[in-house]
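The values are calculated or read from the model by the stated rules, or taken from the named source; none is laboratory data. Just so we're clear, the structure is a prediction, and the values are computed from it rather than from any experiment. Virtual Cβ from ideal backbone geometry, glycine too; neighbours counted across all protein chains shown.
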Amino acid sequence: MNGGSVSDVKRQLPIVSMLGIIVLVIVLFWFFKGGSFKLYASLFFGLYFLTQSSWISIILVSVAQNILLLPMRFLYERFADDIKVFEDEVKNSDVKEQQFLINKKVREGSSAVMFYVINFVLVMIAFISAGRVFLLEFYKTPIDIEYLYSFIHFPEYPLKGVIFHFPLIDVTKTISVDWYWIFYVWGALFVVMALARLLWRMVSPLFNKDEKLLGMRINYNRFLVLMGSVIGTIVIVSTIFLRNIPIGAQIVWWSADLAEQNTAFNIVTAFCTFLAAIYSGYQHNRVEVVEAKERGVSQEIMEKFTRARMRESVKNGLILGLFALWVTRLMPSSHDLSVLAFEACYVLSPITFDLLIPKKKRYLVDKDIT
């Protein structure tokens, strides 16, 4: 009986799922045995041997990681449509249904789902391992040789390039605008924007038949939605600026010891994390709006969808920025530099790594934008 049951299970489990599970087991075993940590430590010190600079090596680790993960990104594009369908099904299911859905896809031998799981695990391992390496205090204390591959040259201490230098603008003198004028100007701008929006709603139907004017209308509406989504942030930032308008400044070189915690670096990391989250939300929204337009979704629904997404991006950015500020204050600033390097690679990806990846049209379901 037992033998027959096992045989039935084996017959039911497709070869794709069996191979995927084997790959997952091998990857997780390698991770928990310290293989990924050894890989990243060796990568860092291999780059250090070439550059003789700690901070340059930290930045290059993020670049190398993007290069190493390029094959996975090629495959992700290959399975993009099926992954999108799977993500939508999971998002619209409760926890119990999600477990059943994943189990069902595995038993069906879904290549896209197996790849999705393996890719997720590999990316998580990559970022955890990179973060763990830069949390070690090996800048002043020699690293244990067991963490490095035998062909990696053991570094001479003290390490070079531990002090990270960055040019900043130091404001030496400011002036402030009176609160009366700030409230007056903002009130006038709100009235003007409200009148402009009202006027636009009156004349925009005239543009429906002209494709060029229709394109202008869509871009203008998108701009209004974007402004409306972040208006609170704009008001706060602009008010702070008007109360502290710089009239004198000088360029200074800011320095941070990568082996020590640095509050100024923590603030920069938190702010950049906030901007990266908003940028990520904007890019994701832009792609889905284009696809929705191709599917004939109405402009009104797209505006509603964009407004909700941008507000969510700003909220996520604030949460991630505050979390980054709290976490990095507990760590050496080498972690800050690592985070900034990964974020820079992500922001620059459309004009760098993404150019190497052939894009394909993605699937979009109507419930995403309603």
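Here is a check on your reading of the model: is V314 at pLDDT below 75 and of a type in the set (A, V, I, L, M)?
Judged against the criteria, V314 is not a match.
Can you find a residue in the stretch 133-154 that is part of a helix (DSSP H, G or I), touching a helix residue (DSSP H, G or I) at 6+ places or on another chain (Cβ under 8 Å) and modelled with pLDDT under 80?
The answer is yes; a qualifying residue exists.
The conditions are (1) modelled with pLDDT under 80; (2) part of a helix (DSSP H, G or I); (3) surrounded by 15 or more Cβ atoms within 10 Å (Cβ to Cβ), and V297 fails exactly one of them. Which is it?
For V297, the failing item is (2).
With the structure loaded, tell me whether Y76 is hydroxyl-bearing (S, T, Y) and modelled with pLDDT under 90 or whether it fails that test.
Criteria met by Y76.
Within the stretch 5-33, take every residue that is surrounded by 14 or more Cβ atoms within 10 Å (Cβ to Cβ) and in a loop (DSSP other than H, G, I, E, B) and give me the one that is modelled with the highest pLDDT.
The residue in question is P14.
Out of all the residues in the stretch 41-88, which are small (G, A, S) and over 26 Å from I143 (Cα atoms)?
A80
Return the residue satisfying two criteria in turn: it lies in the stretch 172-201 and is of a type outside the set (A, V, I, L, M, F, W, C) and more than 37 Å from the chain's Cα centre (by Cα), and of such residues it is farthest from I247 (Cα to Cα).
In this case the residue turns out to be Y184.
Kindly evaluate I175 against the criterion of being over 24 Å from I59 (Cβ atoms), at pLDDT 85 or above and exposed (fewer than 12 other Cβ atoms within 10 Å of the Cβ).
Taking the combined requirement at face value, the residue satisfies it.
Filter the stretch 157-177 down to the residues that are touching a helix residue (DSSP H, G or I) at 6+ places or on another chain (Cβ under 9 Å) and part of a loop (DSSP other than H, G, I, E, B), then identify the one that is farthest from E260 (Cα to Cα).
V177
I'd like to know if the stretch 141-150 contains one or more residues that are free of Cβ contacts under 8 Å to residues at least 24 places away in the same chain and of a type in the set (S, T, N, Q).
Checked against the condition, which is being free of Cβ contacts under 8 Å to residues at least 24 places away in the same chain and of a type in the set (S, T, N, Q), the stretch 141-150 yields at least one hit.
Taking the stretch 251-287 only, how many residues are under 30 Å from T141 (Cβ atoms), assigned to a helix (DSSP H, G or I) and either in contact with a helix residue (DSSP H, G or I) (Cβ under 7 Å, 6 or more places away or on another chain) or free of Cβ contacts under 8 Å to residues at least 60 places away in the same chain (or both)?
Qualifying residue count, the stretch 251-287: 8.
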